[in-house]
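Here is the structure we will look at.
The values are calculated or read from the model by the stated rules, or taken from the named source; none is laboratory data. Not measured: the values here are computed from a predicted model. Neighbour counts run over all protein chains shown; Cβ positions are idealised from the backbone, glycine included.
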Amino acid sequence: MNQTAVESFAAVDLGSNSFHMVVASYAEGRLQIIDRMKDMVRLASGLDEARQLTADSMDRAIQCLERFGQRIGEVPRSNVRAVGTNTLRQARNGTAFLARARKALGHPIEIIAGREEARLIYLGVSHAVYGAGERRLVVDIGGGSTEVIIGRGFEPRLMESLYMGCVGVSERYFGEGEITAKRMRRAMLFAQQELETIETTYRKTGWEAAIGASGTILAINDAIRAKGWGENGISAESLQKLRELLVEAERVDKLSLEGVAERRMPVFPGGVAILSAVFESLGIEQMLVSDGALREGLLYELIGRTEDKDTRDSTIAELAQRYGVDMDQGKRVAATATRLFKHVQGNWELDARSDRKLLEWAAQLHEIGLAVAHAQHHHHGGYLLTFSDMAGFSRQEQRHLAVLVRLHRRKFDDVELAGMADDERERLVRLCVLLRLAVVLNRSRSTETPPSIGAEVEKNRISLRFASRYLTDHPLTLADLESEQEMLKSAGIELAFE
């Protein structure tokens, strides 16, 4: 009798208010949550006026991640994903923190853009609620940002990440714990100003169900239920009653709300103000709540990648189509790059999955900059990939892809690699060498079967082997390789061929 294979997965969400971790098992198409951990780190409160994380805030975060790391020590490395959101997007000393955080957790932490955060939140909510055919409005109020999404089924249609969260709004408008009607109105007006840019479009698009996710909205729902003001989510009327209750209390330290943890109280008024503004700006009368959110979205994204349903592949194809990339040439370069990769992957210590995919994506899009101009198109390509919205990609992945495309031809400018850790820089240099060689070997854009190529590497040396007399019979290829040989010297790479 065959036993069903069960895989374990883990997702870690380094939010601006709380850090969350969820561990799940997956078998036969079913995901089962087996453990959750949470710590209200309040990272956003540790961001000073210079946008530097304070030592105390970083220490709290590291202690939390060490606990998380102990729990997920047995989960396969490829099945773990950790992401940072708004506060880490802003922190100027984020690189130093991420180095410590990686050591504490035992896994790298990726920073994701606001729209990518919104996409993953919607994915998590969509798997947690019924009604696959209905159009949904999903709202998630975090510590440093608020995500608002409209979609149907598992596909988001409109996504926005707004620069307002319960931590920032609470500190700005309810400083020292004081709650007044005037402060509440000012906080709501601020939030409505942030919502103003999306209000018309979202109302025009419409939805059948509004759903709230994550800690702030769940806490508001729990407070309303405990007061007996509603059993089926949050209504505009019950939210108004909650606002009035907060104002009557006058101070945060006088609040006592069943269902709201004491540690959440200092940021609770800001969350109520933001949700109230969302209700008023978008004309919401009733909102359901969902347990699914960013971390659940991360889990489903991870599972998709293991089953060759990678959102990033679709993103690359969409970009290629949008910018009119010659996909036949991209495929030729990708095929050559992949052949070279297989020869050198072990000795150059490249990851057989993640590094190979990054190389293939760069090969497919290496000519994307031609959509801007032929001259310096590698510069234009790097720019487009740096600043485009790319579903499925973290900021680090997007930067690595942009660097490969930027350096795929002409002078090897190592300024593009400045600030990277030594191991990260070495890996990108090696991938870039493979991409550059693949581009050179396909420069003729010939549809003929490419030559048989062998490759050997020793640290910073790569040797190519061609069939007998191939280079003699192809003098242009030989000349291109000799030019590339000179340019790679600036990267500290020795190229040999025979």
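Any chance segment 4-13 includes a residue that's in contact with an Asp or Glu (Cβ under 6 Å, 6 or more places away or on another chain), closer than 17 Å to Leu302 by Cβ and surrounded by fewer than 23 Cβ atoms within 10 Å (Cβ to Cβ)?
Applying the first criterion (in contact with an Asp or Glu (Cβ under 6 Å, 6 or more places away or on another chain)) to segment 4-13 yields 4.
With closer than 17 Å to Leu302 by Cβ added as a condition, the list becomes none.
Looking for residues that are in contact with an Asp or Glu (Cβ under 6 Å, 6 or more places away or on another chain), closer than 17 Å to Leu302 by Cβ and surrounded by fewer than 23 Cβ atoms within 10 Å (Cβ to Cβ), one finds none in segment 4-13, hence no.
Please go through segment 366-379 and pick out each residue that is out of contact with any helix residue (DSSP H, G or I) (no Cβ under 6 Å at 6 or more places or on another chain) and either surrounded by 22 or more Cβ atoms within 10 Å (Cβ to Cβ) or closer than 18 Å to Ser78 by Cβ (or both).
Passing the criteria: only Glu367.
Could you say whether any residue in segment 30-38 is at pLDDT below 95, within 15 Å of Gly142 (Cβ to Cβ), surrounded by fewer than 22 Cβ atoms within 10 Å (Cβ to Cβ) and not small (Gly, Ala, Ser)?
yes
Among the numbered criteria (1) out of contact with any Phe, Trp or Tyr (no Cβ under 6 Å at 6 or more places or on another chain); (2) assigned by TED's automatic domain parsing to the domain that holds Phe190, which one does Ala334 miss?
Going through the list (1) out of contact with any Phe, Trp or Tyr (no Cβ under 6 Å at 6 or more places or on another chain); (2) assigned by TED's automatic domain parsing to the domain that holds Phe190, Ala334 breaks only (2).
Pick out, from segment 400-498, the helices (runs of 4 or more DSSP H) lying fully within it that include 3 or more residues that are out of contact with any His (no Cβ under 6 Å at 6 or more places or on another chain) and within 30 Å of Met390 (Cα to Cα).
Values: elements: 422-441, 470-473, 475-489.
Counting at least 3 such residues, we get 422-441.
What is the residue count in segment 402-427 for residues that are buried (at least 21 other Cβ atoms within 10 Å of the Cβ) and under 14 Å from Phe341 (Cβ atoms)?
Number of matching residues: 1.
In this structure, is Gln396 assigned to a helix (DSSP H, G or I) and either in contact with a strand residue (DSSP E or B) (Cβ under 6 Å, 6 or more places away or on another chain) or assigned by TED's automatic domain parsing to the domain that holds Arg157 (or both)? Give the derivation first.
Numbers: assigned to a helix (DSSP H, G or I): yes; either in contact with a strand residue (DSSP E or B) (Cβ under 6 Å, 6 or more places away or on another chain) or assigned by TED's automatic domain parsing to the domain that holds Arg157 (or both): yes.
So Gln396 passes the test.
Across segment 218-266, what is the total count of residues that are among the β-branched types (Val, Ile, Thr) and part of a loop (DSSP other than H, G, I, E, B)? It would help to see each step written out before you state the result.
Of segment 218-266, the ones among the β-branched types (Val, Ile, Thr) are 220, 224, 234, 247, 252, 260.
Cutting the leftovers down to part of a loop (DSSP other than H, G, I, E, B) gives us 260.
Final tally of qualifying residues: 1.
To keep it simple, each residue is scored yes or no on (1) acidic (Asp, Glu); (2) assigned to a helix (DSSP H, G or I); (3) surrounded by 14 or more Cβ atoms within 10 Å (Cβ to Cβ).
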residue	(1), (2), (3)
Glu318	yes, yes, no
Val325	no, no, yes
Asp328	yes, yes, no
Ala335	no, yes, yes
His343	no, yes, yes
Gly346	no, no, no
Glu349	yes, no, no
Asp355	yes, yes, yes
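Mind checking which pairs have a first residue in segment 206-230 that is free of Cβ contacts under 8 Å to residues at least 12 places away in the same chain and a second that is of a type in the set (D, E, K, R), Cβ under 9 Å, 6 or more apart or different chains?
Within 9 Å, the pairs are Gly230/Glu237.
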